[in-house]
Amino acid sequence: MSSPAGDALGPAASAAAALEFVDGGVRLRDLGSMNGILVNGAESKSAQLKNGDRIQLGEHQFQFVLEDRRRGPRAYVIED
C-alpha cells in the first residue's frame, strides 16, 4: 500500500545523501547514490556547503541558503 505523498513524489529510494553539521558548517555527503551528487555543477562525494550553493540529486535541484544570525537567542529572566 502506498501513501498519497508517495504517489505524488514517485517511488521511494534509499538515502542518497546526508547533511552533516561539522566544524560550525554544513557538509553534504554522498551515501552511494546511483546518479551522484552535483554541487554547483561539479560532481562531488563530499562538499562543505556555502550560502547559495546549487545542489542536484538526480532530477531534483536545491539551493542551500544559510541565514546569518548575529543576534543570539532571547533570554528571559523571571524574578522571584
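Descriptive notes on the structure:
- Integer Hz, Karplus 6.51/-1.76/1.60 couplings in order for the range 54-67, x for Gly and Pro: 9, 10, 10, 10, x, 7, 9, 10, 9, 10, 7, 10, 10, 7
- Spin-label model distance (nm) - Glu20 vs Gln48, 7 Å beyond Cα toward Cβ: 1.4 nm
- Between Met34 and Glu67, the distance separating the two model label sites (each 7 Å from Cα on the Cα→Cβ line) works out to 3.6 nm.
The numbers here are math on the coordinates, done by the rules we state, and not lab data. Bear in mind that the values here come from a model prediction, so they are computed numbers and not experimental data. Note: ideal-geometry Cβ built from the backbone for every residue, glycine included; neighbour counts use all protein chains shown.
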